Amino acid sequence: MRHQARYPMDKLPIVFASDWLPASIAIKLFTVSRWSHVGIIDGDYVIDTQLMTGCIRTPIEEWKKKHSDFCITYIDCKDKQKAIDFARAQVGTKYDWRGIIGLAVRKGELQEKKKWFCSELVIEATGLLKKQNFRASPQTVWFLSQCLDLEKSPN
(Lines give C-alpha, C1' and ligand atoms only; values in the text may rest on other atoms or scores of the structure.)
Protein backbone atom coordinates (compact mmCIF):
# COMPACT_ATOMS: atom_id res chain seq x y z
CA MET A 1 0.00 0.00 0.00
CA ARG A 2 1.39 3.40 -0.95
CA HIS A 3 1.28 6.16 1.63
CA GLN A 4 1.19 9.84 0.76
CA ALA A 5 3.60 12.28 2.35
CA ARG A 6 2.12 14.68 4.84
CA TYR A 7 2.68 17.52 2.35
CA PRO A 8 2.58 16.97 -1.43
CA MET A 9 5.90 17.54 -3.18
CA ASP A 10 6.59 19.37 -6.42
CA LYS A 11 9.37 18.41 -8.82
CA LEU A 12 11.87 21.21 -9.43
CA PRO A 13 13.89 20.88 -12.67
CA ILE A 14 17.62 21.15 -12.06
CA VAL A 15 20.68 20.74 -14.21
CA PHE A 16 24.07 19.25 -13.31
CA ALA A 17 27.30 19.98 -15.15
CA SER A 18 30.83 18.66 -15.31
CA ASP A 19 33.78 20.25 -17.06
CA TRP A 20 37.54 19.80 -17.31
CA LEU A 21 38.41 23.19 -15.86
CA PRO A 22 40.76 23.10 -12.83
CA ALA A 23 38.06 24.25 -10.36
CA SER A 24 35.62 21.63 -11.70
CA ILE A 25 38.21 18.87 -11.42
CA ALA A 26 39.00 19.90 -7.84
CA ILE A 27 35.31 19.89 -6.87
CA LYS A 28 34.76 16.46 -8.44
CA LEU A 29 37.80 15.00 -6.70
CA PHE A 30 36.99 16.56 -3.33
CA THR A 31 33.31 15.53 -3.40
CA VAL A 32 33.87 12.18 -5.17
CA SER A 33 31.29 13.11 -7.76
CA ARG A 34 30.77 13.07 -11.49
CA TRP A 35 29.25 16.56 -11.18
CA SER A 36 30.95 19.81 -10.24
CA HIS A 37 28.05 22.20 -10.70
CA VAL A 38 24.27 22.41 -10.30
CA GLY A 39 21.62 24.99 -11.20
CA ILE A 40 17.86 25.51 -11.21
CA ILE A 41 15.96 25.52 -14.49
CA ASP A 42 13.60 28.49 -14.73
CA GLY A 43 11.71 28.07 -18.00
CA ASP A 44 14.23 28.86 -20.75
CA TYR A 45 16.88 29.96 -18.21
CA VAL A 46 19.25 28.47 -15.65
CA ILE A 47 19.74 30.17 -12.30
CA ASP A 48 23.10 29.26 -10.80
CA THR A 49 26.21 30.76 -9.27
CA GLN A 50 29.55 31.53 -10.85
CA LEU A 51 32.84 32.08 -9.02
CA MET A 52 33.41 35.62 -10.24
CA THR A 53 29.87 36.92 -10.74
CA GLY A 54 27.79 35.28 -8.01
CA CYS A 55 24.18 34.30 -8.69
CA ILE A 56 23.10 34.78 -12.31
CA ARG A 57 20.26 33.85 -14.69
CA THR A 58 21.44 32.62 -18.09
CA PRO A 59 19.47 31.48 -21.17
CA ILE A 60 19.58 27.68 -21.10
CA GLU A 61 20.97 27.37 -24.64
CA GLU A 62 23.84 29.70 -23.73
CA TRP A 63 24.38 27.77 -20.48
CA LYS A 64 24.58 24.44 -22.35
CA LYS A 65 27.30 25.83 -24.64
CA LYS A 66 29.50 26.55 -21.60
CA HIS A 67 29.36 23.00 -20.22
CA SER A 68 30.83 19.93 -21.91
CA ASP A 69 28.72 17.43 -19.94
CA PHE A 70 25.34 18.05 -18.35
CA CYS A 71 22.24 16.23 -17.14
CA ILE A 72 18.74 17.58 -16.50
CA THR A 73 16.74 15.93 -13.73
CA TYR A 74 14.25 16.82 -10.99
CA ILE A 75 14.37 17.19 -7.23
CA ASP A 76 11.50 17.12 -4.76
CA CYS A 77 10.64 20.41 -3.15
CA LYS A 78 7.82 21.72 -1.02
CA ASP A 79 6.66 24.33 -3.55
CA LYS A 80 8.17 24.53 -7.06
CA GLN A 81 7.05 28.10 -7.75
CA LYS A 82 8.29 29.29 -4.37
CA ALA A 83 11.66 27.64 -5.08
CA ILE A 84 11.96 29.38 -8.46
CA ASP A 85 10.86 32.71 -6.97
CA PHE A 86 13.49 32.30 -4.23
CA ALA A 87 16.21 31.57 -6.79
CA ARG A 88 15.17 34.56 -8.94
CA ALA A 89 15.36 36.81 -5.88
CA GLN A 90 18.98 35.69 -5.33
CA VAL A 91 20.14 36.81 -8.79
CA GLY A 92 22.77 39.49 -8.24
CA THR A 93 23.95 38.18 -4.85
CA LYS A 94 27.64 37.45 -4.34
CA TYR A 95 29.39 34.07 -4.40
CA ASP A 96 29.83 32.36 -1.01
CA TRP A 97 33.63 32.03 -0.86
CA ARG A 98 33.59 31.46 2.92
CA GLY A 99 31.04 28.68 2.42
CA ILE A 100 33.31 26.93 -0.07
CA ILE A 101 36.17 27.14 2.45
CA GLY A 102 33.78 25.79 5.11
CA LEU A 103 32.83 22.91 2.82
CA ALA A 104 36.51 22.10 2.33
CA VAL A 105 37.38 22.20 6.04
CA ARG A 106 34.04 20.77 7.22
CA LYS A 107 32.95 23.93 9.04
CA GLY A 108 29.38 24.77 8.04
CA GLU A 109 29.30 27.85 10.25
CA LEU A 110 31.60 29.68 7.81
CA GLN A 111 28.75 30.04 5.32
CA GLU A 112 27.47 33.52 4.53
CA LYS A 113 23.70 33.99 4.98
CA LYS A 114 23.12 36.12 1.86
CA LYS A 115 25.74 34.60 -0.45
CA TRP A 116 25.62 31.31 -2.35
CA PHE A 117 27.58 28.64 -4.10
CA CYS A 118 25.65 26.43 -6.53
CA SER A 119 24.56 23.53 -4.34
CA GLU A 120 23.67 25.80 -1.40
CA LEU A 121 21.32 27.75 -3.65
CA VAL A 122 19.53 24.64 -4.93
CA ILE A 123 19.16 23.04 -1.50
CA GLU A 124 17.92 26.25 0.12
CA ALA A 125 15.41 26.82 -2.71
CA THR A 126 13.92 23.33 -2.30
CA GLY A 127 13.30 23.85 1.41
CA LEU A 128 14.55 20.31 2.11
CA LEU A 129 17.44 21.50 4.28
CA LYS A 130 18.37 24.83 5.80
CA LYS A 131 21.67 26.42 4.80
CA GLN A 132 22.92 26.80 8.34
CA ASN A 133 22.44 23.08 9.00
CA PHE A 134 24.33 21.42 6.15
CA ARG A 135 27.39 21.36 3.95
CA ALA A 136 26.03 20.49 0.52
CA SER A 137 28.02 19.72 -2.59
CA PRO A 138 26.74 18.98 -6.09
CA GLN A 139 27.02 15.30 -5.06
CA THR A 140 24.59 15.94 -2.16
CA VAL A 141 22.07 17.47 -4.55
CA TRP A 142 22.57 14.59 -7.02
CA PHE A 143 21.91 12.08 -4.24
CA LEU A 144 18.74 13.91 -3.16
CA SER A 145 17.47 14.14 -6.74
CA GLN A 146 18.06 10.45 -7.43
CA CYS A 147 17.30 8.80 -4.10
CA LEU A 148 14.86 10.95 -2.19
CA ASP A 149 11.20 10.72 -3.08
CA LEU A 150 9.28 12.34 -0.27
CA GLU A 151 5.96 11.30 -1.75
CA LYS A 152 6.80 7.69 -0.99
CA SER A 153 7.15 6.22 2.46
CA PRO A 154 7.81 2.65 3.51
CA ASN A 155 4.84 0.40 4.30
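The values are calculated or read from the model by the stated rules, or taken from the named source; none is laboratory data. Everything quoted here is computed from the prediction, not taken from an experiment. Counting neighbours? That spans all protein chains shown, and the Cβs are built from the backbone with ideal geometry, glycine included. For accessibility, only protein heavy atoms count, side chains too; no ligands or nucleic acids. Shrake-Rupley method; radii C 1.70, N 1.55, O 1.52, S 1.80 Å.
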- Message: Tell me whether the range 81-100 contains one or more residues that are in contact with a His (Cβ under 8 Å, 6 or more places away or on another chain), at pLDDT below 95, surrounded by 14 or more Cβ atoms within 10 Å (Cβ to Cβ) and assigned to a helix (DSSP H, G or I).
- Response: no
- Qualifying residues in the range 68-77 (those that are under 15 Å from the mean Cα position of the chain (by Cα) and open to solvent by 50 Å² or more (accessible area, probe 1.4 Å)) - the one farthest from Ser24 (Cα to Cα): Tyr74
- Which residues, counting only those in the range 44-67, are open to solvent by 80 Å² or more (accessible area, probe 1.4 Å) and charged (D, E, K, R)? Asp44, Arg57, Glu61, Glu62, Lys65, Lys66
- Message: Among the numbered criteria (1) open to solvent by less than 60 Å² (accessible area, probe 1.4 Å); (2) modelled with pLDDT of 90 or more, which one does Lys131 miss?
- Response: (2)
- Message: Name the single residue that is least open to solvent (accessible area, probe 1.4 Å) among those in the range 1-26 being modelled with pLDDT under 80 and over 22 Å from Phe86 (Cβ atoms).
- Response: His3
